[in-house]
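Reviewing the structure listed below.
What follows draws every value from the coordinates through simple rules; no lab data is involved. Predicted model, so just to flag it, every value in this text is computed and none were measured.
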Amino acid sequence: MSIKNVCIIGAGVMGSGIAQLVSFHGYNVELVDLDEETLNIAKKSIEMNLQKFFVEKNKITDEEKENILERIHLNTEINEAVINAQMIIEAVFEDLSLKQKLFSKLDRICNGDVILASNTSSLCIADIAIKSINKGRIVGIHFFNPAPVMKLIELIKCEHTTEDTLIKSKNFSESLNKTVVTIKDSPGFVTSRLIYVLCNEAINLLSKGIASAKDIDTACKLAFNFPMGPIELSDLVGNDIYYHIGEYLSSKLGDEYHPSSLLKEMVEEDLLGRKTKKGFYEY
C-alpha cells in the first residue's frame, strides 16, 4: 500500500499544523472537524503560516504555496473524508473515552489496510485501541508543536501493532523530513513523561515561594540551555493539558506524578496560558 491520501481528524492547533506539514510534503489531505468555523480558521492559519514563514523567507514560491493549500480539503463528515485515505491521523482532545469511540468507529468504517494513528501525547495506544477489533493497524504517531517546525516524531508501538503497520508508519513519518524514535507503549511515552515532571516540579517550586516564575524559567534557560522555561512552556502547551496529563500519569504510575495543587487552581480559574491570554504570565 502506497500512502498518498491522509485524513486528519481534529482541526485545532495540532491538527492544522499536521495538515500543513503533510500537504507540504506532497500528500493529499482531508482535514476533518465537526465545526465548520474551526476548519475555516485552520485553513486561514495554514495560509498565513505558509506566507509568513515560507514565501516571505523565499523558501517556497507563491505557486507552491497555492499548490499546498489546494491539497488540503475541509470536511465535516468523517465517513466521507476517510473513503480514499490510506492513513488516518487523530488529533482530537486528550480524552480517552473520546478517542476510544473515534477509533472504534474508524475501525468499522475504514478498509482493513488503512493505518489508524493517534497523535496523543500521553495516553497509552493499547488503551485507545481497546474497543477496536483490528488493533494491529493502530499506532501512535506523536508530533510536536509546531508540527511543521519540530524535528521529532515519537512512533509508539503497542502490544497489538503489527510490524507492517510500524514499518509503513515509520517510512511515512520520515518522508515528512522528521527524525523518528520508536517507543514502547507506556503512559506519557518518553517526552511527555519527562517534560511533565519538569514543568510540574517547577510549578511546585513556584507554589512554595522558592522563586518567581520568571526566575525559575530564567534559571532553566541559562543553566540547561533550554529555549523556553518550564513555566513558560506550561502556558504555551496549556495548563489544562498538563493537568490532564498529570491526572492520567498519576492514575497509571502513582501519586508521585500527581499534578501540583497550584496547577489545579490555575485550571479551575481558567488561567490556561496563551490560549486564554493569561496563565502564569499575561499575554
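In the stretch 191-276, the ratio of gyration radius to Kirkwood radius, Rg to Rh, stands at 0.95 when only Cα atoms are counted.
Most simply put, the chain has about 15% antiparallel DSSP beta bridges, counting only bridges with both residues inside it. Extension gain, LYS214-LYS101: 0.36 nm per intervening residue step, less the Cα-Cα distance, totals 36.6 nm. Which entries of LYS59/LYS168; LYS65/LYS168; LYS151/LYS278; LYS101/LYS135; LYS105/LYS135 have Cα-Cα distances beyond 18 Å here? From LYS59/LYS168; LYS65/LYS168; LYS151/LYS278; LYS101/LYS135; LYS105/LYS135, over 18 Å: LYS59/LYS168; LYS65/LYS168; LYS151/LYS278. As a quick test, which of the pairs LYS44/LYS157; LYS57/LYS277; LYS52/LYS221; LYS43/LYS252 have an alpha carbon distance above 32 angstrom in this structure? As for pairs spanning more than 32 Å Cα to Cα, those are LYS44/LYS157; LYS43/LYS252. Beta-bridge orientation, the stretch 118-186: approximately 30 percent antiparallel, per DSSP, counting only bridges with both partners inside.
Phi angles across the stretch 37-51 convert, under the Karplus curve 6.51 cos²θ - 1.76 cosθ + 1.60 with θ = phi - 60°, into 3J(HN,Hα) values of 5, 4, 4, 5, 5, 4, 5, 5, 5, 4, 4, 5, 5, 4, 5 Hz, Gly and Pro given as x. Close amide H contacts of GLU90 (hydrogens built in the peptide plane, cut-off under 5 Å, sequence separation of 5 or more or a different chain): ILE9, ALA117, SER118, ASN119.
Pairs of Cα atoms in the stretch 146-198 fall into 10 Å distance bins, from 0 up to the last occupied one, in shares of 23, 49, 27, 2 percent.
Contact order, relative form, for the chain: 14 percent (alpha carbon pairs under 8 Å, 6 or more residues apart, mean separation divided by residue count). Couplings for the stretch 102-110, taken from phi via the Karplus curve 6.51 cos²θ - 1.76 cosθ + 1.60 with θ = phi - 60°, read 5, 5, 4, 5, 4, 4, 7, 9, 9 Hz in order; Gly and Pro are left as x. Volume per residue of the convex hull around the Cα atoms, evaluated for the chain, comes out as 133 Å³.
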